[in-house]
Amino acid sequence: MHQVIDPSVVDWSRAQFALTAMYHWIFVPLTLGLSFIIAILETLYVKTGNEEWKRITKFWMTLFGINFAIGVATGIILEFEFGTNWSNYSWFVGDIFGAPLAIEGILAFFLESTFIAVMFFGWNKVSKKFHLLSTWLVAFGSNLSALWILVANAWMQNPVGMHFNPDTARNEMVNFWDVLLSPFAINKFMHTITSGYVLSAIFVIGISSWYVLKKQNVQLAKRSMLIAAVFGLLSSVMLIFSGDGSAKQIARVQPMKFAAFEGLYDGEEGVPLITIGVLSAAPGENEPHNVKDFAFKIEIPNFLSYMAFGKFDAYIPGINDLVNGNPERELLSVSQKMERGREARETLARLKEARDSKDMATYNELKEKFSDPQFNDNYFRYFGYGFLNSPQDAIPSVPVAFYSFHIMVVLGFYFVLLLLWVIVAVFRNNLENNRFLLRLALWTIPLTYLASQSGWVLTEMGRQPWVIQDLLPTMAAISKINASSVQITFFLFATLFTILLTAEISIMVRQIKNGPK
């Protein structure tokens, strides 16, 4: 990995990846959930033989197809960026990160792309049961694709199941199951796909509400709303549980991110949960620009401690404890970790020099260190800190982490209430008279995308400066390329993605106005 780092290349590479990922994630969550809603609707058609269920299925399937096609285009670009902009990252962990992506490409994408043809073009050409099977396999294939991507991302947040090979300066996978089944990966997968299910459910409810308001396709709309609301509410329950599991994992594995998204500066026992807060100025004159204090906040006493560790009096370290260290709690300071990280990097550099000069005695001695558990626990685990220039570099943006977390959580609970309200209205058969609820459901569609994007902003911005937690900072993961090259492609992608999104919205709106055939 090269040592001279151009900050503008880092910034533009991050901006380009964020741009691509955020556009991609506009399309993906709808695909994840809508595929299952379509499968449920078609199952009702096959079970009852009622042609109305088939008509409903084909309508939502058309919207699914439009969204799926454009989502694939943005996803392919995302994977190419690992090679073009993040070659150091790809070298350092490609043996691990590449495996889930390869499985995703070979197995999951192959599965969904094979059966999606039957799903769209197989009506009246294959049996009802085979067509239904194809629809369910598309749904499972879409979610299986997400599984491998999220496993790879979870590994970046919590690297497990690997060892470092000093000869190649690469991390290599030693236990596939540790990577696949880590609690971090399981919670991330469940939380992400269920957020997509809730988004899809509200998308169906919102579009159906528009039909009821316009007194068009009312039968289709009411049936779609009932199925989507029940599906969404059940998904919301799983979303809350997996969110709680994710918070516990973050508190254990990424304590700095946990402290940042609650704006916790000084650690204590029995920490309150901030339900609503407004950040203002920095708490001290010497604090970095990404640290802000609160102008206003409402708290639930002791609840953050319970959320993190299941105990109301549990201790949670704050940002200052993690940066400056806390001997009473056996917390190393970032400065101490930087020294240990530099020692690990220097050991690796000396090993390379000994190998190049064919000093095999020194080479074997140094290589033995990387097999020593004590060296790995006390030095190599802080390898990434050796790249940092200052302890303050270890602090993510507190305002970004705080607001993205609270927007996501507040909207998540609002969605639960909305789904409950829709179910009650459907069963009381007063949906058509409740125009406020119908309008609210329609205008909630963009809020689901806001919540979904906020979740990813928290995930990726909250873990900064790391691209691989504690092992590789973002600034050391980039390719040795000119900033101007990244700038040009950034604006090209921004234009292309905006055209694709505009095209999708335009086609969808036209299709919705045309209604089912």
Can you tell me the length gained on complete extension of the stretch Thr114 to Thr43, counting 0.36 nm per residue apart and subtracting the Cα distance? 23.6 nm
Quick one: if you take sqrt(5λ) for each eigenvalue of the C-alpha gyration tensor of region 148-192, what semi-axes come out, biggest first, whole angstrom? 22, 9, 7
For the chain, what is the relative contact order in percent, using Cα pairs closer than 8 Å and at least 6 residues apart in sequence? 20 percent
At Asp167 and Ala503, where each label point lies 7 Å from the Cα along Cα→Cβ, what is the point-to-point distance in nanometres? 4.8 nm
Please work out how much length the chain gains when fully extended from Asn482 to Asp356, using 0.36 nm per residue of separation minus the C-alpha to C-alpha distance, in nm with one decimal. 42.4 nm
Given points 7 Å out from each Cα along the Cα-Cβ axis, report the Phe303 to Asn175 separation in nanometres with one decimal. 3.7 nm
From the gyration tensor of the Cα coordinates in the chain, what semi-axes in whole Å does the equivalent ellipsoid have, largest first, with each one equal to sqrt(5λ)? 44, 28, 20
What three numbers, in Å, describe the spread of the alpha carbons of region 197-264 along their principal axes, ordered from the longest? 52, 20, 12
Kindly rank 416-428, 197-209, 486-498 from highest to lowest mean number of other beta carbons found within 10 Å of each residue. 197-209, 416-428, 486-498
Determine the per residue accessible area of region 180-271 with all protein chains present and a 1.4 angstrom probe, expressed in square angstrom. 33 Å²
In sequence order, what are the phi-derived ³J(HN,Hα) couplings for region 33-38 according to the Karplus relation 6.51 cos²θ - 1.76 cosθ + 1.60 with θ = phi - 60°, rounded to whole Hz, with x for glycine and proline? x, 5, 4, 6, 4, 4
Which angle from 0 to 90°, rounded to the nearest 10, does the C-alpha axis of helix 398-427 make with the longest principal axis of the chain? 20 degrees
Calculated FRET efficiency for the pair Asn429/Phe296, C-beta based, R₀ 41 Å, to 0.05: 0.40
Given the DSSP H assignment, sum -39500 (n - 2.57) over each helix run of at least 4 residues in the chain and divide by its residue total; what's the result at 222 nm in deg cm²/dmol, nearest 500? -24000 deg cm²/dmol
If the only charges are +1 at each Lys and Arg Cβ and -1 at each Asp and Glu Cβ, what is the size of the charge dipole of the chain around the Cα centre, to the nearest 20 debye? 2820 debye
Determine how large the accessible area of Lys128 is when every protein chain is in place; take a 1.4 Å probe and give Å² rounded to the nearest 10. 100 Å²
Would you give the gap between the C-alpha center of region 472-515 and the C-alpha center of region 356-428, rounded to a whole Å? 25 Å
Compute the label zone of Trp91 within region 472-510: residues whose backbone N is under 11 Å from the point 7 Å along Cα-to-Cβ. 477-480
Filter the trypsin sites (Lys or Arg not before Pro) in region 129-219 down to the DSSP loop ones having no more than 11 other Cβ atoms within 10 Å, then list what survives. Lys215
Per residue, how much accessible area does region 332-392 show when a 1.4 Å probe rolls over the protein heavy atoms, in square angstrom? 57 Å²
Could you work out the equivalent-ellipsoid semi-axes for region 52-141, taking the square root of 5 times each eigenvalue of the Cα gyration tensor, largest first, in whole Å? 34, 14, 8
Portion, in percent, of the accessible area of the chain that falls on carbon or sulfur, probe 1.4 Å: 63 percent
Which number comes out as Rg/Rh for region 402-517 once both Rg and the Kirkwood Rh are worked out on C-alpha atoms? 1.13
Say a paramagnetic label sat at a point 7 Å from the Cα of Ser390, along Cα to Cβ; which residues of region 302-328 have their backbone N under 19 Å from it? 319-325
Simple spin-label estimate for Asp266/Glu346, 7 Å along Cα→Cβ, in nm, reads 3.6 nm
If you roll a 1.4 Å probe over the heavy atoms of the protein chains, what accessible area per residue do you get for region 67-173, in Å²? 41 Å²
Cross-link pairs Lys128/Lys215; Lys58/Lys222; Lys367/Lys480; Lys54/Lys125; Lys58/Lys125 - those with Cα-Cα distance over 26 Å: Lys128/Lys215; Lys367/Lys480
Quick check: from the Cα gyration tensor, does region 150-282 come out rounded (a/c under 1.5), prolate or oblate? oblate
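The values are calculated or read from the model by the stated rules, or taken from the named source; none is laboratory data. This is a predicted model, so every value here is computed, not measured. Here the Cβ is made from the backbone with ideal geometry for all residues, glycine too, and neighbour counts use every protein chain on show. Note: areas computed on protein heavy atoms with side chains; ligands, DNA, RNA excluded. Shrake-Rupley method; radii C 1.70, N 1.55, O 1.52, S 1.80 Å.
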